[in-house]
Each structure stands twice: as C-alpha cells, then as structure tokens.
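Heads up: the structure comes next, in structure tokens.
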Amino acid sequence: MSGASNVIVLTDSDEAGQKARRDVKDRLGNFMRLHFPVLTSKDVGEMPVAQVQDALLPTLNQIYSRGY
C-alpha cells in the first residue's frame, strides 16, 4: 500500500463516472477513507482550476479538522 489513509476521488458525473466511483469504493473502501466531493460540472476535465479548488476545499477542511 502507499501509506495514504485518505483518498479524494474525482469522477465525472456521467454514467461512466458513477461506475468508476462504485468500483473505487468496492476495491478500496475497506482499506482507505474515501472522499467523493460533489462537483458542479459534468466533466472534471472541463472545470477551471479555481472551480476544482472550490469543490475540494470543504473536503480538505473536513479531513484536516478531524486529524486524519
């Protein structure tokens, strides 16, 4: 394992992204704390950097405030 205990997973909100989300959860959910931020865009690759940062900030704050 990598030593990571928290993994932030960003997927598109389409059907393929939802399947990827389920697959990641099934494979890693017992080994790591998985975080799935809610994105306002359908395609992560088309989001401006600032929008991705805004989407990640609440998750990062939650992780750090809990001391994970």
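The values are calculated or read from the model by the stated rules, or taken from the named source; none is laboratory data. Worth saying up front: this structure is predicted, and the values here are computed from it rather than measured. Reconstructed Cβ throughout: ideal geometry from the backbone, glycine too, with neighbour counts over all protein chains shown. Accessible surface areas use protein heavy atoms only, side chains included; no ligands, DNA or RNA. Shrake-Rupley method; radii C 1.70, N 1.55, O 1.52, S 1.80 Å.
List of remarks:
- Selection status of residue 3, out of contact with any Gly (no Cβ under 6 Å at 6 or more places or on another chain), modelled with pLDDT of 90 or more and open to solvent by less than 90 Å² (accessible area, probe 1.4 Å): no
- Failed item in (1) out of contact with any strand residue (DSSP E or B) (no Cβ under 8 Å at 6 or more places or on another chain); (2) open to solvent by less than 80 Å² (accessible area, probe 1.4 Å), with residue 8 passing the rest: (1)
- The stretch 43-68 - residue that is of a type in the set (Ser, Thr, Tyr) and in a helix (DSSP H, G or I) and, of those, surrounded by the most Cβ atoms within 10 Å (Cβ to Cβ): 59
- Note on the stretch 1-42: residues that are outside any loop (DSSP other than H, G, I, E, B) and touching a residue at least 60 places away in the same chain (Cβ under 8 Å) amount to 1.
- Only residues that are within 19 Å of residue 60 (Cα to Cα) and among the hydroxyl-bearing types (Ser, Thr, Tyr) were counted in the stretch 9-35, giving 1.
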